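Values in this text are rule-based calculations from the coordinates and carry no lab data. The structure presented is a predicted model; accordingly, all values stated were derived computationally and were not measured. Here the Cβ is made from the backbone with ideal geometry for all residues, glycine too, and neighbour counts use every protein chain on show.
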Amino acid sequence: MSTSTITPTGTWNVDPMHSRLGFAVTHLGISTVRGSFKDFEGTLEVGDDVSSAKAHGTVQVNSIDTGQPDRDGHLLNSDFFDGEKYPEITFESTSIEGTGDNQVKVTGDLTIMGTTKEVELAGTIGGIETDPFGDERVGLEVHGEVDRTDFGMKFNIPLDSGAFTMSEKVQLTIDISGIRAA
């Protein structure tokens, strides 16, 4: 497989106004609760081939939004993110490789609540376009799954059926519009 770049070389900064960091967990074993983080930043650095690319980002934990302020408050306490003690989530890629047409595998270190774990994410490059203001943009969709208990989030309540209030697995969906840095 060719190692030529899928995305033009350079540095691309995440545009938070046109990007979304989403997550989903199964609730009661029967439905899905979704949320997102509103305050984040990130950069994609692309060299002469995809193997030299790097991605990194930072999320402000207190920007969590599930559409329910009480639930958001619970997620920020020590049962989950402990946002006062651990105000940021970070990601730093360790490798990026092309896996097919416009497809990439991103491996990296995800740090939540002071715990760092390696995660593997699948990405699709949506394309490159110049917006009406003359900014060159790249679009990416990234998906993956993490186990929240790996990061110390063990809170759960057993139900009479034997199920639990929420799944340990968390689905991640990251939609990125990156702007080429000047």
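Side notes on the structure shown:
- Rg then Dmax, both in Å and based on the Cα atoms of the chain: 17.5, 58.
- Residue exposure proxy: Leu76, Leu44, ordered by other Cβ atoms within 10 angstrom of their Cβ from fewest to most, comes out as Leu76, Leu44.
- GluC sites (Glu not before Pro) restricted to DSSP loop in segment 82-168 with at most 15 other C-beta within 10 Å: Glu84, Glu168
- Close Lys pairs in the chain (alpha-carbon distance under 22 Å; sequence gap of 8 or more, or different chains): 11.
- Charged-residue dipole, Cβ positions (Lys, Arg, Asp, Glu), segment 1-158 about Cα centre, Debye nearest 20: 480 debye
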